[in-house]
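Trainee: My structure is below; once you've seen it, I'll send some questions.
Here, each number is a calculation from the coordinates, and none is a lab measurement. Worth saying up front: this structure is predicted, and the values here are computed from it rather than measured. Cβ sites come from the backbone with ideal geometry, for glycine too, and all protein chains shown count toward neighbours.
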């Protein structure tokens, strides 16, 4: 979208540099990335960034204005966790990069979550792009690495000893985001622990380190709670719904409260109209909408072309939304003259007792397929996968 920088990147690009990018990421983390790394960054204008930020500000204000009881309705009864908090520690918001009717490139809200994304990885990813392509430093994130680290440390570790803080996941070594876990451990000095390894005595939780049981006082939670029921024969000493002496970062209830559940409640020119399935009006056309289950993750269950036959078979219609389709615009030109579409996720943290979240980083996802999910791409496609956005004049 900025011809000057796009031209320079494409001229400098080579398969050797792409391999170097991946090798540095592996060297820094000790882990091979298990998701596809895009060959290219997303280079966007500062004017587009302003649209992103203005829309995010509006959405944040609208959410803050919602009654607490409205948000509580989003939590399934069997997923309620005690000791809820007044606000989440994380806030992420996804926008599609689209074209308006008058031909302007604009963001369109796709999804929002109060669940941590790849914060540690994306900072290292951005730095690595700049190492391989030094000119990108001119338009990189202005937040120094030490400030970024301090923000996350204050939020996740707080005043505790790092050994009493864990990153909690279910079978972390099998997760696609394992590279982020490794980089988080390096950044904060905390340990990644599988839920099956957590021990419980009374209301206290423990994990084992070097043969010693250590008390868990804060949990950087990466477990998607409602997915636990889908794992057969899962044995744990600790159930999320139990009352325990631990501080959640962020509390599991917020996974449901800040979710697709909110989309029908939000209004903005860059927020596509959405309805709960059971409230879909007769004057709207089903073919203009995408069907999404409220509590899916990574695009699972999304139906791009729902029919009345499909929606009629759904019994729990209150757990689905219909979101007006948006047209992703292919704006990122590759070295062959083909173009990729993309989404951008803004990664905020929300410090306790502070009125407003802080934007730390961004995450890009590039595709040449109908859905922004690398699993749907052709294997020989380029300029697809996980990326990072840079913003410059132009």
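Trainee: Can you give me the distance in nm between label points at residue 11 and residue 287, each placed 7 Å from the Cα along the Cα-to-Cβ direction?
Mentor: Spacing of the two 7 Å Cα→Cβ label points: 4.7 nm.
Trainee: Give me the number: length gained by fully extending residue 154 to residue 316, i.e. 0.36 nm times residue separation minus the C-alpha to C-alpha distance, one decimal in nm.
Mentor: 54.3 nm
Trainee: Using alpha-carbon pairs under 8 Å, 6+ residues apart, how would you state the relative contact order of the chain in percent? Working shown, then result.
Mentor: On the way: 694 pairs, mean separation 98.2, N = 394.
This gives 25 percent for the chain.
Trainee: Could I have the simple spin-label model distance between residue 143 and residue 335, label points 7 Å from Cα toward Cβ, reported in nm to one decimal?
Mentor: Using points 7 Å along Cα→Cβ, the separation is 3.2 nm.
Trainee: Give me the number: length gained by fully extending residue 199 to residue 304, i.e. 0.36 nm times residue separation minus the C-alpha to C-alpha distance, one decimal in nm.
Mentor: On the way: separation 105, 0.36 × 105 = 37.80 nm, distance 4.28 nm.
Between residue 199 and residue 304, full extension yields an extra 33.5 nm.
Trainee: In addition: Take peptides 116-122, 327-333 and line them up by average Cβ neighbours within 10 Å, highest first, as a rough protection proxy.
Mentor: 116-122, 327-333
Trainee: Would you mind calculating the relative contact order of region 274-325 from Cα pairs under 8 angstrom and at least 6 residues apart, reporting the percent as a whole number? Don't jump to the answer; show the numbers that get you there.
Mentor: On the way: 72 pairs, mean separation 29.5, N = 52.
Computed over region 274-325, the figure is 57 percent.
Trainee: Once every DSSP H run of n ≥ 4 in the chain is given -39500 (n - 2.57) and the sum is divided by its residues, what mean residue ellipticity at 222 nm do you get, rounded to the nearest 500 deg cm²/dmol?
Mentor: -7500 deg cm²/dmol
Trainee: Say each of residue 34 and residue 101 gets a label point 7 Å from the Cα, pointing the same way as Cα to Cβ; how far apart are those two points in nm?
Mentor: Those two pseudo-labels are separated by 4.6 nm.
Trainee: Relative to the present Cα-Cα distance, how much length would full extension add between residue 80 and residue 161 at 0.36 nm per residue of separation? Working shown, then result.
Mentor: Details: separation 81, 0.36 × 81 = 29.16 nm, distance 2.84 nm.
Full extension of this stretch gives 26.3 nm more.
Trainee: Provide the convex hull volume over Cα atoms per residue for region 274-325, in Å³. Don't jump to the answer; show the numbers that get you there.
Mentor: Numbers: hull volume 3.7 nm³, N = 52.
Taking only Cα atoms, region 274-325 has a hull volume of 72 Å³ per residue.
Trainee: Listing 196, 92, 128 from the residue with the fewest other Cβ atoms within 10 Å to the one with the most, what is the order? Write down the numbers at each step before the final one.
Mentor: Values: 196 13, 92 23, 128 20.
Result, fewest neighbours first: 196, 128, 92.
Trainee: Return a whole-number percent for the relative contact order of region 262-351, with Cα pairs under 8 Å and 6 or more residues apart as the contact set.
Mentor: The value is 29 percent.
Trainee: While we're looking at this one, here's another question. Using the Cα gyration tensor of region 78-125, with a ≥ b ≥ c the square roots of its eigenvalues, what is the shape: rounded (a/c below 1.5), prolate (a/b larger than b/c) or oblate (neither)?
Mentor: oblate
Trainee: Continuing with the same structure: Rounded if a/c is under 1.5, else prolate if a/b beats b/c, else oblate: with a ≥ b ≥ c from the C-alpha gyration tensor eigenvalues square-rooted, which is the chain?
Mentor: Since a/c reaches 1.5 but b/c is at least a/b, the shape of the chain is classed as oblate.
Trainee: Something else: Separation of region 14-35 and region 81-95 by C-alpha centroid, Å?
Mentor: Between the Cα centre of region 14-35 and that of region 81-95, the gap is 32 Å.
Trainee: Would you order 222, 365 from fewest to most other beta-carbon atoms within 10 Å of each residue's own beta-carbon?
Mentor: The fewest-first ordering by Cβ neighbours comes to 222, 365.
Trainee: Calculate the length of the line joining the C-alpha centroid of region 325-375 to that of region 237-275, in whole Å.
Mentor: 20
Trainee: Sticking with this one: Order by neighbour count: 110, 216, 60, fewest other Cβ atoms within 10 Å first, most last.
Mentor: 60, 110, 216
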